[in-house]
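Working notes, beginning with the structure itself.
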Amino acid sequence: MSEGTEPDTRVDRDGLPPGQAVRHEHKPLHYGRVPSFRPARWDFRVFGATESLGTYRWDWNEFTALPRAREMRHFHCVMRFSIPDVHWGGVRATDLVGLAPPAPEATHVMAWGEYGYSANMRMDDFLADGVLLTTHRDGAPLAPEHGFPLRLVVPHLYGWKSVKWLRSVEYMVGDRRGFWEDRGYHNRADPWGEERFSHQEEPGDGPPL
């Protein structure tokens, strides 16, 4: 939990999001195989509609030297389970954006993982309280199947937006669907609105399929 912020307590105060059940552990779900981590070849990039029009890059040593934060947040999977009070450690999205500012007209981001996996979200969602680029879970480095060495965690959206094996963030001046959004998942993915599938979308929720 970050200093000066309160944890998300909606599981305790208001119950689970609609259609969810508590599960304290789960079999990892992902598309494709677990990638190998090669520190000497790994880097993380921010590109697209940046304020400077350039690309920002960190190697593994540089990234792990960035300011650290901790958050305790619930994790909501579209497969109808929620894991309460997960402890995450990493770099705040707001701190990353401070180091790599977007252009004023940037409205959305695309998070890119290994093998070309992607998930889109509004810039406001990316900059929301509790969003971390995580290296640790429950005080230990992420397990490979949970996204080691780096995973995006967007706790207020369904878990497929929390991209595992994160390699870059693209700033965009308009919305564009990511991997699962292009294959029938809801473009926004709000658990409290039970936004699971694209057929539930209203006009303005996302670009045409």
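Structure notes:
- Summarising the amide proton neighbourhood of His136: residues at separation of 5 or more, or on other chains, whose placed amide H is nearer than 5 Å comprise Gly89, Leu142.
- Using the Karplus relation 6.51 cos²θ - 1.76 cosθ + 1.60 with θ = phi - 60°, the per-residue 3J(HN,Hα) values for the range 198-209 come to 5, 5, 8, 5, 9, x, x, 6, x, x, x, 7 Hz, with x marking Gly and Pro.
- Here Glu25 and Arg122 are evaluated by their C-beta separation; at R0 = 45 Å the FRET efficiency comes out at 0.90.
- Residue among Gly147, Gly193, Gly90 with the largest mean-square fluctuation in a Gaussian network model of the chain, springs linking Cα atoms under 10 Å: Gly193
- Radius of gyration (Cα atoms) of the chain, expressed as a multiple of 2.2 N^0.38 Å: 0.97.
- For the range 80-209: relative contact order, % (alpha-carbon pairs under 8 angstrom, 6 or more apart): 26
- Applying 1/(1 + (r/R0)^6) with R0 = 30 Å to the Cβ-Cβ distance of Ser36 and Thr107 gives a FRET efficiency near 0.30.
- Charge sum, other residues only, whose C-beta stays under 11 Å from Pro35's C-beta, Lys/Arg counted +1 and Asp/Glu -1: +2
- Protection proxy ranking of 60-68, 95-103 - average other beta-carbon atoms within 10 Å, highest first: 95-103, 60-68
- Centroid-to-centroid separation of the range 102-130 and the range 133-209 [C-alpha atoms, Å]: 9
Every read-out reported here was derived from the displayed coordinates using simple, explicitly stated rules and does not represent laboratory data. Quantities reported herein were computed from a predicted structural model and do not represent experimental measurements. We place every Cβ from the backbone using ideal geometry, glycine too, and count neighbours over all the protein chains shown.
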